[in-house]
Amino acid sequence: MVDLTDYKRFAKYFAISLLTYVFFVDWVIPSNYYVPSTFFVLESAYTMIVDYKFLNAVGLTFATTLFVPLGGFACFLLTKYGVIKFALRNNWSSILTLTFRIIPYIMIPFLFTQVFGSSIIFQFLFLIIVGGIEQKIFMFDTISKLDRNFISAGKSLGLSDKEIYSDMLGQMLLPFVFGKIHYLFLSAWGYSILFEIISGNYGLGTLLIKSLEFHDMAMLFLIFFVIAVLIYLSGFAFKLVEKKVIYWIPDEIK
Amino acid sequence: MKLNKVLELTRLTKDYTNENGYKIRLFEEMSFDIYENQFTTIIAPVGSGKSSLLRILAFVDTDFIGDYRTFSESRVVLIPDTPTSFQWQNVYENIKYIGRDLSDLEIQKIIDNVGLAGYESQYPHPSAVGFRLRISIARALAANASVILLDNVFHLIKDYKTKIDLLQLLWKLDKIYDKTTFVFATDDISEGIFLGEQILLINKFPGKLVEIIENSNQEERNEDYFLNADFLNLRNEIEQKMKAVLNQKTLNITA
């Protein structure tokens, strides 16, 4: 059965936020240049959606953000069926972390657009790579902290290497992987928007720059509002999937 | 009665290098035998290398000097000090995963014997240490182990009643499975005496066998056993011996 607690909580926060906004913007703060009044936002919403091709922009950004968890999950599968044993022996997480501290992610879109151009395909590719790298660092780090007793017990029970390193440890990593992918999905919005700002692809990033150029605060408001709603809804969908996949973890621990 | 040998350890010596680069002698010239269907307990102080010793006995660690062999063709199974049952499988699946060749009836028998009847479809909660220990024991039995090595398995169990129940369970299982030998390493003298028919006292840094004590008391084990005169005398004796060897110990460290 679907747990409605999150829905109810969301509806409550949404209603409170909306009422606070309406109360402050329409009655307390005097009419100003930066914060659009509720009436103005509602009135211009339809025009904005049509004129700015808002839904296309949301579609592109949202689709690319979904590719970060995809990259993360692909990396998990690669690790599960490839390098767990290797990762247990060599702690590469510190090397990877150090590398990406020296070359921050912000540099990658610049390099990408310089080398490959600003095609939408590369926007997807960029997010897969970022997701993959983040996940790899995290997984190597988590693997190095795993309880080695499982390996000793597995060996003495006569389990094969595949059963120990792929099936058993892979399954043990799953809850951590889910937590990390959820976090990656949130940061993916930042990466997507960043890539769009640099590349000029028609997503929310470009729209953000346009709204700032035209001082269209209603548009800016709408962008952040839609991002918040999408993050919440996808987070909720994510939780439902998590409940199905890591069914064995009690709710109080998740 | 002459007992059959199942494990024989001869002149075990092992060094390890700690994180500061110092070589520490963990075991020195340690020899002992373990006999079929005789509950053996290893009593050793904290940090004396009980886990390392059991890893050697389970053939998980082969980096040592000395001779070690088993006289049984079946498996030596190690149950580590932290729970290792799979959380993503229920009780039945956990046992079936190891005992793939066993029939449902045989698995059910193991489940009944370890006291998990009625919990077959239950998933182990991470903090239910006692419950997970029962699953680990059941899995070892499903693996048709000739020797089950238990590494200080009660150290995470804080509840007295649960601990007594599990101690009694091990005592009972030792009687039911006469082809399986249990070896239990602990730093708790009372636990060691409660279960041990052969008690090995081991020193620390370097680990040496201090003495082998036979506990011939075959009385039914329950809470009252802790007040038994034999138990109290034996505990006193072991305490004195351990105190004496620990006071004269010297740390064997080389750069």
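Return one number: the angle in degrees, 0 to 90 and rounded to the nearest 10, between the long axis of the Cα atoms of helix B:160-176 and the longest principal axis of the Cα atoms of chain B.
Approximately 80 degrees, to the nearest 10.
Determine which lysines satisfy two conditions relative to A:K162: a Cα distance under 22 Å, and not lying fewer than 8 residues away in the same chain.
Filter leaves A:K80, A:K85, A:K136, A:K145, B:K96.
Under the Karplus relation 6.51 cos²θ - 1.76 cosθ + 1.60, θ = phi - 60°, what is the ordered set of whole-Hz ³J(HN,Hα) values for the stretch B:43-56, x standing for Gly and Pro?
9, 8, x, 4, x, 8, x, 4, 4, 5, 4, 5, 5, 5
Name the residues whose placed amide hydrogens come within less than 5 Å of the amide hydrogen of B:F27, ignoring near sequence neighbours (fewer than 5 apart) on the same chain.
So B:F27 has HN proximity to B:K14, B:G207.
What list of ³J(HN,Hα) values in whole Hz, one per residue of the stretch A:149-164 in order, does the Karplus curve 6.51 cos²θ - 1.76 cosθ + 1.60 (θ = phi - 60°) give from phi, with Gly and Pro shown as x?
Working through the residues one at a time gives 4, 4, 5, 4, 5, x, 4, 6, 7, x, 6, 7, 4, 4, 5, 6 Hz.
Among all the aspartates and glutamates, which ones have a C-alpha under 18 Å from A:K239's C-alpha, if same-chain residues fewer than 8 places away are not counted?
Straight-line reach from A:K239, under 18 Å: A:D3, A:D6, A:D251, A:E252.
Rounded to two decimals, what is Rg over Rh for the protein assembly as shown when you use alpha-carbon atoms and the Kirkwood radius? Before the final figure, lay out the partial values.
Numbers: Rg = 31.0 Å, Rh = 27.4 Å.
So for the protein assembly as shown, dividing Rg by the Kirkwood Rh gives 1.13.
Could you state the per residue volume, in Å³, of the convex hull enclosing the Cα atoms of the stretch B:1-56? Before the final figure, lay out the partial values.
Details: hull volume 5.2 nm³, N = 56.
In the stretch B:1-56, the Cα hull volume divided by residue count equals 93 Å³.
Just to be sure I understand the model, the point goes 7 Å from the Cα along the line to the Cβ. What's the resulting B:N247 to A:Y232 distance in nm?
7.1
In whole Å, how far is the Cα centre of the stretch A:20-65 from that of the stretch B:129-155?
The two parts, judged by their Cα centres, are 62 Å apart.
Considering amide H positions built from the backbone, and no H for Pro or chain starts, which residues 5 or more places from B:L150, or on another chain, come under 5 Å of its amide H?
Amide H neighbours of B:L150, under 5 Å, 5+ apart: B:I79, B:V183, B:F184, B:A185.
Report, by chain and number, residues whose modeled amide H sits under 5 Å from the one on B:V210, excluding near sequence neighbours (fewer than 5 apart, same chain).
Distant-sequence amide H within range of B:V210: B:L201, B:I202, B:N203.
Considering chain B as a Gaussian network with a 10 Å cut-off on Cα pairs, which listed residue, B:E191, B:E19, B:E223, attains the greatest mean-square fluctuation?
B:E19
Please give the per residue accessible area of chain A, computed with a probe of 1.4 Å over protein heavy atoms only, in Å².
Roughly 54 Å² per residue, with all protein chains present.
Using the alpha-carbon atoms, what tilt in degrees (0 to 90, nearest 10) does helix A:120-144 show relative to the longest principal axis of chain A?
40
Please give the total accessible area that chains A and B bury against each other, computed with a 1.4 Å probe and expressed in Å² to the nearest 100. Intermediate results must be reported in sequence, preceding the final value.
Values: alone 14590 and 12550 Å², together 25290 Å².
Heavy-atom accessible area buried at this interface is about 1800 Å².
Would you mind classifying the stretch A:108-234 by shape? Square roots of the alpha carbon gyration tensor eigenvalues, ordered a ≥ b ≥ c; an a/c under 1.5 is rounded, otherwise it is prolate if a/b is larger than b/c and oblate if not.
On the way: a/c = 4.48, a/b = 2.41, b/c = 1.86.
Because a/c hits 1.5 or more and a/b exceeds b/c, the stretch A:108-234 counts as prolate.
Which of the pairs B:K14/B:K243; B:K23/B:K208; B:K50/B:K208 have their Cα atoms more than 20 Å apart in this structure? Write out the running numbers ahead of the final one.
Values: B:K14/B:K243 24 Å; B:K23/B:K208 17 Å; B:K50/B:K208 12 Å.
Listed pairs above 20 Å: B:K14/B:K243.
Which angle between 0 and 90 degrees, to the nearest 10, do you get for helix A:93-102 versus the longest principal axis of chain A when only C-alpha atoms count?
Rounded to the nearest ten degrees, it is 30.
Roughly how many Å is it from the Cα centre of the stretch A:111-183 to that of the stretch B:63-105, as a whole number?
Spelled out, the Cα-based centre of one part sits 27 Å from the other.
Roughly speaking, what is the centre-to-centre gap between the stretch B:1-23 and the stretch B:173-236 when only Cα atoms are used, to the nearest Å?
Spelled out, the Cα-based centre of one part sits 20 Å from the other.
Normalised by the number of residues in chain B, what is the relative contact order in percent for Cα pairs under 8 Å and 6+ residues apart?
Details: 470 pairs, mean separation 68.5, N = 255.
Relative CO of chain B lands at 27 percent.
Using a Gaussian network for chain B with springs between C-alpha atoms less than 10 Å apart, which of these wobbles most: B:Y160, B:Y35, B:Y225?
Looking only at B:Y160, B:Y35, B:Y225, the largest GNM fluctuation is found for B:Y160.
Would you mind telling me the share, in percent, of accessible area of the protein assembly as shown contributed by carbon and sulfur at probe 1.4 angstrom? Provide the component values of the computation, followed by the final result.
On the way: 15230 of 25290 Å².
Carbon plus sulfur share of accessible area: 60 percent.
Can you tell which of A:E134, A:E163, A:E242 shows the greatest fluctuation in a Gaussian network model of chain A with Cα springs below 10 Å?
In the Gaussian network model the winner is A:E163.
Under 20 Å Cα to Cα from B:K161, which lysines show up? Leave out anything in the same chain fewer than 8 places away.
The reachable lysines, counting only those whose Cα sits under 20 Å from B:K161, are B:K172.
Express the relative contact order of chain A as a whole percentage, based on alpha carbon pairs under 8 Å and six or more residues apart in sequence.
Rounded, it is 28 percent for chain A.
Can you give the helix-only mean residue ellipticity at 222 nm for the protein assembly as shown, where every DSSP H stretch with n ≥ 4 adds -39500 (n - 2.57) and the sum goes over all residues, rounded to the nearest 500 deg cm²/dmol?
Value at 222 nm, helices only: -17500 deg cm²/dmol.
Please turn the phi angles of the stretch A:72-80 into ³J(HN,Hα) values with the Karplus equation 6.51 cos²θ - 1.76 cosθ + 1.60 (θ = phi - 60°), one per residue in order, whole Hz, x for glycine and proline.
3J(HN,Hα) across the stretch A:72-80, in whole Hz: x, 6, 4, 5, 4, 5, 4, 5, 4.
On full extension of the chain, what length is gained from B:I212 through B:F32, given 0.36 nm per residue of separation minus the C-alpha to C-alpha distance? Spell out each step's value before the answer.
On the way: separation 180, 0.36 × 180 = 64.80 nm, distance 0.87 nm.
Gain on stretching B:I212 to B:F32: 63.9 nm.
Per residue in the stretch B:64-80, which ones lose no less than 20 Å² of accessible surface when going from chain alone to all protein chains (1.4 Å probe)?
B:R75, B:V77, B:L78, B:P80
The values are calculated or read from the model by the stated rules, or taken from the named source; none is laboratory data. Being a predicted model, the structure only gives us computed values, none of them experimental. Glycine also receives a Cβ, built like all others from the backbone with ideal geometry; neighbour counts cover every protein chain displayed. Note: accessible area is taken over every heavy atom of the protein model, side chains too, but ligands, DNA and RNA are not part of it. Shrake-Rupley method; radii C 1.70, N 1.55, O 1.52, S 1.80 Å.
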